[in-house]
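Read the structure below first, then the notes.
The values are calculated or read from the model by the stated rules, or taken from the named source; none is laboratory data. Just so it is clear, the structure is predicted and the values come from calculations on it, not from any experiment. Please note: Cβ atoms are built from the backbone with ideal geometry, for glycine as well, and neighbour counts cover all protein chains shown.
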């Protein structure tokens, strides 16, 4: 079949796949799920969801994305769009189960948990996030993982903007300390060698 | 400035999500769920269209509409003949008062149009 390879979903760009999905081609949407499923699930886990819960929410987010695919104009990345849908869906779930208030109030015993690092004390993001309080983790993940602004995160979390900003600020300070104990010197050297 | 650099780096770290080992299985689950939703929607719309058609047709039959239309035709004929005494009526007036067969044809066409529209809706969705 001439052109079969050319039109195979795997060879198409996300925007083209979105256009095909909007025209009703579910095979094209399936390819998008294959490409970005892990990123969406990963974000939800980083926000604090358990793996099974993250999978459920991610699944629902992709179904919602398929229903609303015509709204996606390709102005940003498809992955970012689905991540925002997923992040909001996860927050709705937390609010529905009244877990969000508890999260906001909860503080992690950060000093008790010493994430495992490499010989330079550097650790990966997942490990570093474990050192944040649930609220900090949620706010940082929403702003830097799902690409929401502080105001959008505050609205989605139903928290005052100042509270979200301070969670993000504290979270960033902790992450900076955990991700780059030598204040960037070691990391910069590594990045140059990479 | 260092702050901004760290924030950019953090965004990159968030974007660099590792591929999960069950990525294909997850995609297959979403596919299956989409399939189920798709089939359910088609059946639902088909059933709703069918039920609507049956209800509409039965209402048309049950409300004695044909008798009423014939009564109206009779009234129109009386009016037409009355008007004819004043001035001559145009030919098309008599065509409109032809009787119940027009109604049968119209309802048949309506059912056909409804079936066509329903089929298009199912195809579009």
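Descriptive notes on the structure:
- Breaking point among (1) farther than 30 Å from residue A:177 by Cα; (2) modelled with pLDDT of 95 or more, for residue A:41: (1)
- Residue within region A:47-64 that is in a helix (DSSP H, G or I), within 11 Å of chain B (Cβ to nearest Cβ) and in contact (Cβ under 8 Å) with a residue 60 or more places away in the chain present: yes
- The sole residue among B:20, B:34, B:13 that is farther than 20 Å from residue A:129 by Cα and within 7 Å of another protein chain (Cβ to nearest Cβ) is B:34.
- Evaluating residue A:49 against the criteria (1) surrounded by 18 or more Cβ atoms within 10 Å (Cβ to Cβ); (2) at pLDDT below 80 leaves one unmet condition, (2).
- Filter result for residue B:45 (in a helix (DSSP H, G or I), surrounded by 13 or more Cβ atoms within 10 Å (Cβ to Cβ) and modelled with pLDDT under 85): yes
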